[in-house]
Amino acid sequence: MELGLLTAPFADTPLGEVADWASSAGFEALEIACWPKSSGAARRYAGTSHIDAASTSASQAKEIAAALAEENLSISGLGFYPNPLHPDAAHRKAVIDHLKKVIVLASHMGVPVVNTFCGGDAAKTIDANWQEALKLWPAVIAHARDNGVKLAFENCPMIFSYDEWPGGHNIAYSPHIWRRILEAWGGDVGMNFDPSHLVWQMIDQARFIKEFGPYMLHVHAKDLMIDRDGLYERGILSAGMGWQVPRMPGLGDVDWNVIFSGLYSVGYDGPIVIEHEDRRFEGSDENVKRGFLLARDVLRPFVK
């Protein structure tokens, strides 16, 4: 295993500087945020473009990968997490066009995995969204396969605010839908596993890893704390809003002994990449780094 970090929280810091710090702090891998270059507003922890897939040539991509290798850093994956099943057709086209460019960029860099979302229309049922997914994804999956890249869908429901309610913006969050995904595209699509999303959904962590561990291509290390007062006030029908609180690993309700025991049991030996969404450690690069260092020290005993 290698311990790394997702670069998204360093939105205004060049990739080279992020890499210098990560290497000096003992990290071994980076998942590189590859949203489109844009000056518009973005949701929290999205919109970071550490490599512009639209303008980076094949030779430049190889140079970036080589520079990171000189820092003793591997690239765990390229990350772009939009909503490919967005109800607006123009929005769908824009995100799929960019995702295809990220796939090509990964191929040029020799990176085997692109992390993303399956997507979802919050106003539709799971079954209706699945029918849309069956129409949209085969061509994108074929594009990835042609470029020697696998797609890893994160198991995040993407429901943090009322514009994502009631169904969320990503359907690939439960065993029910993951069995469909793997039956349809299992040879080309795997999971970017984030255990924090199991906590507030009350999905058994050990059982989930036992069933889906063989299909995990990438793992995010993020924790989540259930605010019991918020849960009491809002109830489970609020779908986590007001009581699911993202935290750095070690500060929430994820049982990391269970997670790593499960991962080792199923033979997972890939990257463990810290995803930072903890409001207690933001506001400046120094605070973000403090959060990453805390998580590093919690996880390092498990990552060998």
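Tabulated values for the structure
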{"quantity": "In segment 211-268, the residues that are in contact with a Ser or Thr (Cβ under 7 Å, 6 or more places away or on another chain) and of a type in the set (Asp, Glu)", "calculated": "Asp223"}
{"quantity": "Residues satisfying the stated conditions in segment 164-178, i.e. at pLDDT 95 or above, closer than 22 Å to Glu275 by Cβ and part of a helix (DSSP H, G or I)", "calculated": "Pro175, Ile177, Trp178"}
{"quantity": "Scope segment 148-178; condition open to solvent by less than 10 Å² (accessible area, probe 1.4 Å) and among the charged types (D, E, K, R); matching residues", "calculated": "Glu154"}
{"quantity": "Residue within segment 202-210 that is farther than 28 Å from Met241 by Cα, in contact with a Ser or Thr (Cβ under 8 Å, 6 or more places away or on another chain) and either in contact (Cβ under 8 Å) with a residue 60 or more places away in the chain or not hydrophobic (A, V, I, L, M, F, W, C) (or both) present", "calculated": "yes"}
{"quantity": "From the options Ala61, Ala65, residue that is in contact with a Leu (Cβ under 8 Å, 6 or more places away or on another chain) and open to solvent by less than 30 Å² (accessible area, probe 1.4 Å)", "calculated": "Ala61"}
{"quantity": "Pairs where the first residue, in segment 118-141, is β-branched (Val, Ile, Thr) and the second is in a loop (DSSP other than H, G, I, E, B), C-beta under 7 Å, 6+ apart", "calculated": "Ile126/Ile171; Ile141/Asp188"}
{"quantity": "Residues (open to solvent by 60 Å² or more (accessible area, probe 1.4 Å) and within 15 Å of Ala8 (Cβ to Cβ)) located in segment 262-281", "calculated": "Arg279"}
{"quantity": "Residue within segment 57-65 that is closer than 24 Å to Met216 by Cα and modelled with pLDDT of 95 or more present", "calculated": "yes"}
{"quantity": "Candidates Ala69, Ala90, Ala53, filtered to the one that is at pLDDT 95 or above, over 21 Å from Cys156 (Cβ atoms), touching a His at 6+ places or on another chain (Cβ under 7 Å) and not hydroxyl-bearing (Ser, Thr, Tyr)", "calculated": "Ala53"}
{"quantity": "Selection status of Pro112, more than 29 Å from Ala29 (Cα to Cα), out of contact with any helix residue (DSSP H, G or I) (no Cβ under 6 Å at 6 or more places or on another chain) and either touching a residue at least 24 places away in the same chain (Cβ under 8 Å) or not aliphatic (A, V, I, L, M) (or both)", "calculated": "no"}
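The values are calculated or read from the model by the stated rules, or taken from the named source; none is laboratory data. Note that the coordinates shown come from a computational prediction; the quantities given were computed from them, not determined experimentally. All Cβ positions, even for glycine, are placed from backbone atoms using ideal geometry, and neighbour counts span all protein chains on display. Note: areas computed on protein heavy atoms with side chains; ligands, DNA, RNA excluded. Shrake-Rupley method; radii C 1.70, N 1.55, O 1.52, S 1.80 Å.
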